[in-house]
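**Q** Let me begin by handing over the structure; questions about it come next.
What follows draws every value from the coordinates through simple rules; no lab data is involved. This is a predicted model, so every value here is computed, not measured. When we count neighbours, we look across all protein chains shown, and the Cβ atoms used for this are built from the backbone with ideal geometry, even at glycine.
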Amino acid sequence: MKVSLTDTGKRFNRDWIFRHLTYNFEEGQSYAITGPNGSGKSTLLQVISGSMQVNEGKVDFKAGTAQPKVTVESIFNHVSICAPYLEVVEEMTLKEFLNFHGGFKPFLPQMTIDNIISIIGLNKAENKQIRYYSSGMRQRVRLAQAIFSDVPVVLLDEPCTNLDAAGIALYNQLINEYCKNRLLVISSNDETEYGFCDEMINISDYKK
């Protein structure tokens, strides 16, 4: 999967969040979008996901060298995203939620729901409603539904939010074991979350 931005710009009202951004995001590579809080990192990540349109320039999605362009309407089939502002279904248990999510996006081959629950260390809470989870437990669930989805593009927005030391270690394990051959983009201003990335894009370099 390849995502190409050509002279792109995004604004809200009269304020440009970024402008004249040209960049190719390639499968098998990891990228960090950095910058101060409120600088537009999450906005750029949503543009890459296809969930937000740009005001100028163009964004192209291509599934492979021999494949036609992927339409914006179908890009969701190729992308998973984890972000603190994305809610999980609190009325469901963890098992119910993962079953529900798997109905929309299948999990990686040979990865069962029981495997996922074991890997993220939530066996003892698998039948508890997510509403009773701590913030750190919820973040583990968000990471699981994004990273274990069988898609070529994984987008992570401040992925270690609310995680303790054990949770951060789990995050690094998931990246090392399940994201190597995918297109990975991390939006963050914390090097703990993106220090391993191949390339970095500072959103502040693309302000008007």
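**Q** How far is it, in nm, from the label point at Gln129 to the one at Glu27 when both lie 7 Å from their Cα along the line to the Cβ?
**A** 4.1
**Q** Between Tyr178 and Thr192, what length in nm is gained on full extension when 0.36 nm per residue of separation is reduced by their alpha carbon distance? Show your work: numbers first, answer last.
**A** Details: separation 14, 0.36 × 14 = 5.04 nm, distance 1.81 nm.
Length gained between Tyr178 and Thr192: 3.2 nm.
**Q** Here is a further query. Please report the base-10 log of the normalised intensity I(q)/I(0) for segment 89-204, using a Debye sum with one equal scatterer per alpha carbon and no solvent, at each q in 0.16 (1/Å).
**A** Computed log10 I(q)/I(0) values: -0.75.
**Q** Work out, step by step, the length gained on full extension between Asp150 and Met52: first 0.36 nm times the residue separation, then minus their alpha carbon distance; give nm to one decimal.
**A** Length gained, Asp150 through Met52: 33.1 nm.
**Q** Hey, another quick one. For the chain, what is the convex hull (Cα atoms) projected area averaged across all directions, in square nanometres? Write out the running numbers ahead of the final one.
**A** Details: hull surface 46.6 nm².
With every direction weighted equally, the projected area is 11.6 nm².
**Q** Using Cα positions and a limit of under 18 Å, work out the lysines in reach of Lys2, with same-chain residues fewer than 8 apart set aside.
**A** Hits, sequence-local ones excluded: Lys58, Lys62, Lys69, Lys180.
**Q** Can you compute the FRET efficiency between Thr6 and Val89 using 1/(1 + (r/R0)^6), with r the Cβ-Cβ distance and R0 = 30 Å? Round to the nearest 0.05.
**A** Details: r = 37 Å, r/R0 = 1.24.
With a Förster radius of 30 Å, E is 0.20.
**Q** Using a Förster distance of 35 Å, how high is the FRET efficiency between Glu199 and Phe100, based on the Cβ-Cβ distance and rounded to 0.05?
**A** Computed FRET efficiency for Glu199 and Phe100: 0.50.
**Q** Magnitude of the Cβ-charge dipole of the chain, K/R +1 and D/E -1, about the Cα centre, nearest 20 debye?
**A** It comes to approximately 380 debye.
**Q** Under a straight-distance cross-link criterion of Cα-Cα below 17 Å, which lysines are reachable from Lys124, leaving out those fewer than 8 residues away in the same chain?
**A** Lys95
**Q** Let's see if you can work this out: charge +1 on each Lys and Arg Cβ, -1 on each Asp and Glu Cβ, no other charges. What is the dipole magnitude of segment 100-208 about its Cα centre, in debye to the nearest 20?
**A** About 460 debye.
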